[in-house]
Amino acid sequence: MKTIVFINPPMTLEARYGGLARAGAMEPPFGLCHLAAVTREQGYKTMIFDAEALGLSVEETTQEALRHKPNYIGLTATTPAIVSAARVAEKIKQAAPGVQVIVGGCHVTAVPEEALSAFPSFDIAVVGEGEVTILELLRCLDQAMIPERVPGLAFRLAGAVVRTPPRPLIKDLDTLPIPAFDLLPRLDRHYSVTAQSVDRFPAVSLITSRGCYAKCTFCDTSVTGNTMRGHSAAYVARLLKLVQQRYGIRCVMFEDDNFLAFRKRLKELEAHIEREHVDMTWSCTSRVDIAHRETLDLAKRLGCWQVSYGMESGSQKILDFYDKRITVSQSARALQMTQDAGLHTKGFVILGGPLETMETLEETRSFVTSAALDDISITYFTPYPGAAVWGVCEQYGSFDRNWERLSCFEITFIPRGLSRAVLEGQQRRIFREFYCRPRVLADYLRRIKTRRHLVALAGSGLALTKHVLLAPSALSYRIR
């Protein structure tokens, strides 16, 4: 029996969230859990090491992985984690040169040739969705064959990086087994949702669909595409029942790009939740242009307590540049409609985009502090490989292409006419004006139901307070 060890590479919360680390989330590595489920089902001895959740260093991760004498290593990496993944791969190659190192994830899918050229310790890159690709690839490697006929790969051949044809998207997600959460550290102990998006504890993030029909210029959809595909209501109910019974999870954050877009599934979910005896509160993300009162009322009846919207800006000029295909007035209506349905609202805001000016920043500040919002998340505009703005952003300002810094919580792009100090100051000002209002503070006090909730919110609040009071520009966080 061949052995494959999947690794989520080391990355600290400080490296991911900067000064807001204590307010950040620790999400399970969903992609690895799906891959591990299919390899285990096909007879491979399979393990997952989530070095990020366990707080392991590169050396510790390497030692743990090699202790199981793997034939294959499967690494996943976002853009800010790609260097850490390469360090793990390099250590593994030094200690066990014969082990095949396979890398996947959004970064290598967006720029596979660049990633393989930059990091010789990666042998093969899985491009796009990997569940079918990994099995076909492993069968080839088991027989010492060159996988040139396996779609969805990039690898070196005769000194050059070659690509195989793209892999079609998986149409029926229910053909995939339940993610192998049992191979992770315990969900209820090592993973967390941001305190602002938790109604009850323990809480964990889940993903029940793939793809997004929107084509926002700052977003990379190269892995899951623009075709929306969702697990069935029956599958979602089984998943909820699993995390409830096995790990005691009582609240879920659905991290789908647009959970409420699956209206038919939401209606069907009601009967399945009742049949499976699921007792769960949940929050989700959605787009403002598909907010409907009927859907919101149904979501609340099924346990939803919060909906998060990607509003991005209070300036129509900025929204149009992002190709959001929404209006500021749509955002305002969706937020008010959501609150009228008895749900909390959270808005995602991006500062410092290519056309940002002092005027557009003021429009965003004014909108955020006047709209029907209960929570906000403010990040900085960050061009990512695979996004439409990746190749053109430097026409609009200065951009630091250091992959380790592309986390959204660190300023890497500065539009012409503005400065780092201005962007940091505007973020702190909006945070301060938003959260220091009596209505918002009173709402937070009403949310506290248990000591654990109090501790979580206090920690998040302290992190935000320090962030607002201390300029973060001099801070630098790196992987151990």
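The values are calculated or read from the model by the stated rules, or taken from the named source; none is laboratory data. Note that the structure is predicted; figures quoted are calculated from it, not measured. When we count neighbours, we look across all protein chains shown, and the Cβ atoms used for this are built from the backbone with ideal geometry, even at glycine. Note: accessible area is taken over every heavy atom of the protein model, side chains too, but ligands, DNA and RNA are not part of it. Shrake-Rupley method; radii C 1.70, N 1.55, O 1.52, S 1.80 Å.
Can you tell me which residue within region 327-382, out of those that are open to solvent by 40 Å² or more (accessible area, probe 1.4 Å) and under 24 Å from the mean Cα position of the chain (by Cα), is farthest from Gly314 (Cα to Cα)?
Ranking the qualifying residues of region 327-382, first place goes to His344.
Among the candidates Gly211, Gly230, single out the residue that is more than 26 Å from Leu319 (Cα to Cα) and touching a residue at least 40 places away in the same chain (Cβ under 8 Å).
Among Gly211, Gly230, only Gly230 is more than 26 Å from Leu319 (Cα to Cα) and touching a residue at least 40 places away in the same chain (Cβ under 8 Å).
Condition (residue is more than 24 Å from the chain's Cα centre (by Cα) and open to solvent by less than 20 Å² (accessible area, probe 1.4 Å)) applied to region 305-316: is it met by at least one residue?
Yes - at least one qualifying residue is present in region 305-316.
Quick one: how many residues across region 269-309 are without any contact (Cβ under 8 Å) to a residue 40 or more places away in the chain, in contact with a Ser or Thr (Cβ under 8 Å, 6 or more places away or on another chain) and not hydroxyl-bearing (Ser, Thr, Tyr)?
3
Quick one: would you say Thr217 is among the hydroxyl-bearing types (Ser, Thr, Tyr) and either farther than 30 Å from Phe434 by Cα or not in a loop (DSSP other than H, G, I, E, B) (or both)?
The answer is no for Thr217.
In region 123-166, how many are under 18 Å from Gly74 (Cα atoms) and under 28 Å from the mean Cα position of the chain (by Cα)?
Of the residues in region 123-166, 22 are under 18 Å from Gly74 (Cα atoms) and under 28 Å from the mean Cα position of the chain (by Cα).
Do any residues in region 426-446 that are in contact (Cβ under 8 Å) with a residue 24 or more places away in the chain and under 21 Å from Thr379 (Cβ atoms) have Cβ atoms under 7 Å from those of residues that are assigned to a helix (DSSP H, G or I) and β-branched (Val, Ile, Thr), where the two are at least six apart or on different chains, and which pairs are they?
Arg428/Val468; Ile430/Val368; Phe431/Val468; Arg432/Val468; Glu433/Thr369; Phe434/Val368; Phe434/Thr369; Phe434/Val440
Checking Ala154 against (1) more than 23 Å from Asp220 (Cβ to Cβ); (2) free of Cβ contacts under 8 Å to residues at least 60 places away in the same chain; (3) touching a strand residue (DSSP E or B) at 6+ places or on another chain (Cβ under 9 Å); (4) small (Gly, Ala, Ser), which single condition isn't satisfied?
Of the numbered conditions (1) more than 23 Å from Asp220 (Cβ to Cβ); (2) free of Cβ contacts under 8 Å to residues at least 60 places away in the same chain; (3) touching a strand residue (DSSP E or B) at 6+ places or on another chain (Cβ under 9 Å); (4) small (Gly, Ala, Ser), the odd one out for Ala154 is (1).
Quick test for you: out of Arg429, Arg437, pick the one residue that is of a type outside the set (S, T, N, Q), open to solvent by 10 Å² or more (accessible area, probe 1.4 Å) and at pLDDT below 95.
Arg437
Which of the residues that make up region 187-202 are open to solvent by less than 30 Å² (accessible area, probe 1.4 Å), at pLDDT 90 or above and touching a Lys or Arg at 6+ places or on another chain (Cβ under 7 Å)?
Pro202 - this is the single residue of region 187-202 that is open to solvent by less than 30 Å² (accessible area, probe 1.4 Å), at pLDDT 90 or above and touching a Lys or Arg at 6+ places or on another chain (Cβ under 7 Å).
Tell me, please, whether a residue that is surrounded by 24 or more Cβ atoms within 10 Å (Cβ to Cβ) and within 15 Å of Asn8 (Cα to Cα) can be found in region 109-118.
Scanning region 109-118 turns up no residue that is surrounded by 24 or more Cβ atoms within 10 Å (Cβ to Cβ) and within 15 Å of Asn8 (Cα to Cα).
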